[in-house]
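Student: This is the structure I have questions about; it appears just below.
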Amino acid sequence: MDRLVVTGGLGFIGSNFIHHILSNRSDLRVANVDYEGPSSNPSNTSDLRRNKRYRHLKGNLAEPRIAKWVAKNADLVVHFAAETHVDRSIANPRPFLESNILGTYNLVDALRNSKSQRLVHISTDEVYGSANDGESFDEESRLDPSSPYSATKAASDQLVNAWIRTYKVPGMILRCTNNYGPYQHPEKLIPKTIIRGLNDLQVPLYGGGMQVRDWIYVIDFCTAIEKALEKGEVGQTYNVSAGNELTNKEVVQRILRQIGKPLSLIASTEDRPGHDVRYSLSSERARAKLGWRPRHEFEHALGLTVKWYRENENWWRPMATRKTLSARPWKERW
Ligand SMILES: NC(=O)c1ccc[n+]([C@@H]2O[C@H](COP(=O)([O-])OP(=O)(O)OC[C@H]3O[C@@H](n4cnc5c(N)ncnc54)[C@H](O)[C@@H]3O)[C@@H](O)[C@H]2O)c1
């Protein structure tokens with residue numbers, strides 16, 4: 001049985017990915033290395049406590065010895081671990097440099113002398129910056145990040161590429177659009193709208209919500225990562241997108257309609273500094289070379305997500321403090 005090490009597997013996408021892999025791949029066992037930071041939730045994987053193919057190790061990749069442990073114990077690595085909340089990166093960028101840049105450096109450097117066969121580094125559409133109307137970024141587009149978060153993700157991509165070329169680390173990069181689905185932190189747009197809407201609270205929308213984002217259901221991204229582990233080419237970058245471009249306002253309106261709440265709950269707030277207007281990716285390479293397709297239609301999977309948050313109040317209630325539901329989170333420190 002191959003050993004898959006997932007970093008950041010107590011977060012949103014990582015925990016969905018671990019459940020997906022353990023259900024679909026009996027040939028793999030999984031170790032999850034996560035430092036249990038502010039966006040993590042240990043209950044995301046508490047159902048796996050007795051699973052013999054799963055183990056969790058608390059560790060910070062910003063410490064070289066943790067990265068060395070990963071390199072020594074992995075046949076395959078999927079690297080999710082990062083600080084991810086853009087508003088928090090504006091309030092306090094340093095933890096983003098430590099996790100996203102130093103953590104990734106420690107990992108790739110440890111992997112250069114290891115027997116690991118593959119590293120999939122998880123990145124974001126935000127590294128390309130804002131797209132003009134009608135424009136879609138491909139993997140050769142220039143990196144032009146706007147926020148401290150996306151700048152550290154772009155830096156981590158560049159480190160991965162340099163370690164692939166210089167030290168033959170068997171890595172590849174997946175850059176994905178906005179994910180939604182179960183286990184996403186209540187600070188993020190879709191969970192925040194569901195939770196505030198269900199509680200009859202105003203739903204704040206930065207600058208009127210005209211920013212366009214391309215949404216992908218988290219399970220569709222998990223299948224793309226699985227395909228990359230199987231068929232991805234070392235040294236290659238793959239964009240992953242599902243073609244659901246919507247303004248934030250449209251997304252919020254659809255959620256409020258699904259939960260039967262009035263659109264008058266929407267409240268426009270001061271815009272986030274450096275807020276990109278539109279993200280758009282071409283995922284032709286992933287579709288052609290990995291044989292990947294998204295399977296979930298947006299409105300349906302949004303309904304599955306709403307249902308999950310309705311049924312799992314015990315999960316989100318402890319995380320949904322006044323601060324995490326603040327209307328102007330970039331003003332807050334964490
Ligand atoms: N959520 C999205 O829509 C989206 C879209 C594209 C790309 N991504 C990328 O996918 C990855 C996962 O995103 P997410 O939304 O699941 O994030 P998340 O914030 O929910 O989870 C990140 C996890 O990484 C852990 N972590 C952070 N720094 C660490 C460190 N130094 N050592 C060990 N663990 C550490 C945290 O404790 C947390 O559990 C990130 O790399 C992110 O940039 C996310």
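Student: List the number of the failed condition for Thr321; all other conditions in (1) part of a loop (DSSP other than H, G, I, E, B); (2) at pLDDT 95 or above hold.
Tutor: Looking at each condition in turn, Thr321 falls short on (2).
Student: Would it be correct to say that Ala91 is of a type outside the set (Lys, Arg), under 20 Å from Val160 (Cα atoms) and more than 10 Å from the ligand (Cβ to nearest atom)? Before the answer, list the steps.
Tutor: Numbers: of a type outside the set (Lys, Arg): yes; under 20 Å from Val160 (Cα atoms): no; more than 10 Å from the ligand (Cβ to nearest atom): yes.
For Ala91, the condition - of a type outside the set (Lys, Arg), under 20 Å from Val160 (Cα atoms) and more than 10 Å from the ligand (Cβ to nearest atom) - is not met.
Student: Right, something else. Being modelled with pLDDT of 95 or more and over 27 Å from Gly37 (Cα atoms) narrows it down to one of Thr177, Thr166, Thr223, so name that one.
Tutor: Result: Thr166 is the single residue among Thr177, Thr166, Thr223 that is modelled with pLDDT of 95 or more and over 27 Å from Gly37 (Cα atoms).
Student: Moving on to the next point. When residues of the range 114-131 are filtered for being away from the ligand (no atom under 14 Å from the Cβ) and under 19 Å from Thr7 (Cα atoms), how many remain? Let's see the steps before the verdict.
Tutor: Of the residues in the range 114-131, the ones away from the ligand (no atom under 14 Å from the Cβ) are 114-118, 129-131.
Remaining after also requiring under 19 Å from Thr7 (Cα atoms): 114-118.
Number satisfying all stated conditions: 5.
Student: Can you confirm whether Arg142 is under 18 Å from Tyr279 (Cα atoms), among the basic types (Lys, Arg), at pLDDT 95 or above and in contact with a strand residue (DSSP E or B) (Cβ under 9 Å, 6 or more places away or on another chain)? Let's see the steps before the verdict.
Tutor: Values: under 18 Å from Tyr279 (Cα atoms): yes; among the basic types (Lys, Arg): yes; at pLDDT 95 or above: yes; in contact with a strand residue (DSSP E or B) (Cβ under 9 Å, 6 or more places away or on another chain): no.
Here the answer is no, as Arg142 does not meet what is asked.
Table: residues versus (1) of a type outside the set (A, V, I, L, M); (2) on the phi > 0 side of the Ramachandran plot; (3) without any contact (Cβ under 8 Å) to a residue 60 or more places away in the chain.
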position	(1), (2), (3)
Gln258	yes, no, yes
Pro273	yes, no, no
Leu281	no, no, no
Ala301	no, no, no
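Student: Of all the residues that make up the range 157-194, how many are of a type in the set (Ser, Thr, Tyr), touching a Leu at 6+ places or on another chain (Cβ under 9 Å) and assigned to a helix (DSSP H, G or I)?
Tutor: Looking only at that region, the number is 2.
Student: Does Ser268 qualify as being of a type in the set (Gly, Ala, Ser), surrounded by fewer than 19 Cβ atoms within 10 Å (Cβ to Cβ) and under 20 Å from the mean Cα position of the chain (by Cα)?
Tutor: Answer is no for this residue.
Student: For Glu83, work out the one condition from (1) surrounded by fewer than 22 Cβ atoms within 10 Å (Cβ to Cβ); (2) within 21 Å of the chain's Cα centre (by Cα); (3) more than 24 Å from Glu230 (Cα to Cα) it doesn't fulfil.
Tutor: Status for Glu83: all satisfied but (1).
Student: I would also like to ask the following. Listed residues Leu10, Leu48, Leu28; which is touching a Pro at 6+ places or on another chain (Cβ under 9 Å) and either more than 9 Å from the ligand (Cβ to nearest atom) or among the hydrophobic types (A, V, I, L, M, F, W, C) (or both)? Let's see the steps before the verdict.
Tutor: Values: Leu48 fails: touching a Pro at 6+ places or on another chain (Cβ under 9 Å); Leu28 fails: touching a Pro at 6+ places or on another chain (Cβ under 9 Å).
It is Leu10.
Student: Let me ask you something else. Which of the residues belonging to the range 75-88 are at pLDDT 95 or above and either charged (D, E, K, R) or within 14 Å of the ligand (Cβ to nearest atom) (or both)? Don't jump to the end; show me each part of the working.
Tutor: So the first thing to find is which residues in the range 75-88 are at pLDDT 95 or above, and the list is 75-84.
Matches in the range 75-88: Asp75, Val77, Val78, His79, Phe80, Ala81, Ala82, Glu83, Thr84.
Student: Residues of the range 13-63 being of a type in the set (Ser, Thr, Tyr) and in contact with a strand residue (DSSP E or B) (Cβ under 6 Å, 6 or more places away or on another chain), which ones?
Tutor: Across the range 13-63, the qualifying residues are Ser40, Tyr54.
The values are calculated or read from the model by the stated rules, or taken from the named source; none is laboratory data. Computed from a predicted structure; not experimentally measured. Please note: Cβ atoms are built from the backbone with ideal geometry, for glycine as well, and neighbour counts cover all protein chains shown.
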